[in-house]
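The values are calculated or read from the model by the stated rules, or taken from the named source; none is laboratory data. Everything numeric in this text was worked out from a predicted model, so none of it was measured. Here Cβ is always computed from backbone atoms with ideal geometry, including for glycine, and neighbour counts include all displayed protein chains.
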Amino acid sequence: MKDTFTIAHDFSFGEYFNFLLYQLSRAKIIRRLAIYRGITYRFTHWGMERIGTKTEATIPWRDFHNLKETRSFFLLFVKETVKENKVSNIHVIQKRMFTSPEDSREFQVFLDQNVPL
């Protein structure tokens, strides 16, 4: 199994709209949704790196608190750093960015092993 995954991020308007419908149906408040274009995610044994044209972020696995999978996305929820603020940051990974269904399944296994639940 691979130990590093690099995934380009390119959200279409339709994908953005579908995700909003999915999220609204669950009635959860989200402060920030990282769905910008030109972002690359790299997942390693340490955690996640989000690399963009103007910003970079690193998040260790211990800061994730939930993982959900939909037909089109992997949703990674990050613990909020402000305790009185009970909302989550979410990172959306598009399944269509994988070269094959096998790569997507391998990534799912990798997430299941690393995201603390």
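Within region 13-55, how many residues turn out to be in a loop (DSSP other than H, G, I, E, B) and at pLDDT 75 or above? It would help to see each step written out before you state the result.
Residues of region 13-55 in a loop (DSSP other than H, G, I, E, B): 25-29, 35-38, 44-46, 52-55.
Now narrow it down to the ones that are at pLDDT 75 or above: 38, 44-46, 52-55.
Going through region 13-55 one residue at a time, the tally reaches 8.
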Subject >> Residues located in region 58-71, provided they are exposed (fewer than 14 other Cβ atoms within 10 Å of the Cβ) and either among the aliphatic types (A, V, I, L, M) or in contact with a helix residue (DSSP H, G or I) (Cβ under 7 Å, 6 or more places away or on another chain) (or both) >> reply: T70
**OP:** Taking S88 as the residue in question, decide whether it is over 16 Å from D112 (Cβ atoms), at pLDDT below 75 and in contact with a His (Cβ under 9 Å, 6 or more places away or on another chain).
**Re:** yes
**OP:** Please work out which residue is modelled with the lowest pLDDT, limiting yourself to region 60-85 and to residues that are in contact with a Ser or Thr (Cβ under 9 Å, 6 or more places away or on another chain) and within 19 Å of D112 (Cβ to Cβ).
**Re:** K79
